[in-house]
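Down below is the structure, laid out as structure tokens.
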């Protein structure tokens, strides 16, 4: 998968990823809330197959699935961060989004960089061509990610 990076910082809460005021059963309303707490209007610039790149503690503070629903409805199928909250990590898996952890990712990637990700090999290729390894997913987890139908 080759994708464009959309870069954010550290300690982004679920309420920033998807404020509760955007919780809905209407996918269009859900998407409008994506990253609204850190970048108002993000939903207008996000494109299908973009990747969210962020620092440590991504998704902390709540177990609501609305943040991953918003990502999925917007066409995001991969998030690369330094660390996830456990809730966000599992919500990504359950909703068909690759939750990849790479130490120091914010120092390696800039907004708009094109990244190539191979989850099966545990390999990330940066825009510079540098290769970065990450922990491969167990087969049972891959099956859940690939079978999500949200």
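Nothing in this text is a laboratory measurement; each read-out follows from the coordinates by a stated rule. Only a predicted model underlies this, so the values are computations on that prediction, with no experimental measurement involved. A quick note on method: Cβ atoms are made from the backbone with ideal geometry, for glycine too, and the neighbour counts reach across all protein chains shown.
Among 49, 113, the ranking by other beta carbons within 10 Å of each residue's beta carbon, starting with the fewest, stands as 49, 113.
So what are segment 2-147's ellipsoid semi-axes, whole angstrom, largest first, if each one is the square root of 5 times an eigenvalue of the alpha-carbon gyration tensor? The partial results should precede the final answer.
Values: eigenvalues 100, 57, 38 Å².
Semi-axes from the Cα gyration tensor: 22, 17, 14 Å.
Please find the FRET efficiency linking residue 135 to residue 15, where r is the Cβ-Cβ separation and R0 is fixed at 25 Å, and quote it to the nearest 0.05. If you can, show how the numbers build up before the last one.
Details: r = 28 Å, r/R0 = 1.12.
About 0.35, to the nearest 0.05.
Okay, helix-only estimate at 222 nm for the chain: each DSSP H run of n ≥ 4 adds -39500 (n - 2.57), divide by all residues, round to 500 deg cm²/dmol; what do you get? Mind dumping the intermediate values first?
Details: 7 runs with 45 residues, N = 150.
Result for the chain: -7000 deg cm²/dmol, rounded to the nearest 500.
Normalising by the residue count of segment 2-147, find the relative contact order in percent from Cα pairs under 8 Å and 6+ residues apart. List each step's numbers first, then the result.
Values: 318 pairs, mean separation 35.5, N = 146.
Once divided by the residue count of segment 2-147, the mean separation gives 24 percent.
Across segment 131-150, the residues whose backbone nitrogen lies under 11 Å from the label position 7 Å along the beta-carbon direction of residue 116 are 131.
Let me make sure I get this right: for segment 14-88, a, b and c are the square roots of the gyration tensor eigenvalues over alpha carbons, sorted descending. Under 1.5 in a/c it's rounded, otherwise prolate if a/b > b/c, else oblate. Which is it? Kindly include the intermediate steps, with their values, before the conclusion.
Numbers: a/c = 1.60, a/b = 1.20, b/c = 1.33.
The shape class here is oblate.
Ordering 130, 101 from the fewest to the most neighbouring beta carbons within 10 Å gives 130, 101. Based on DSSP, what percent of beta bridges with both residues in segment 2-147 are antiparallel, to the nearest 5? The antiparallel proportion sits near 45 percent. With neighbour counts taken as other beta-carbon atoms within 10 Å, the residues 68, 149, 13 rank, fewest first, as 149, 13, 68.
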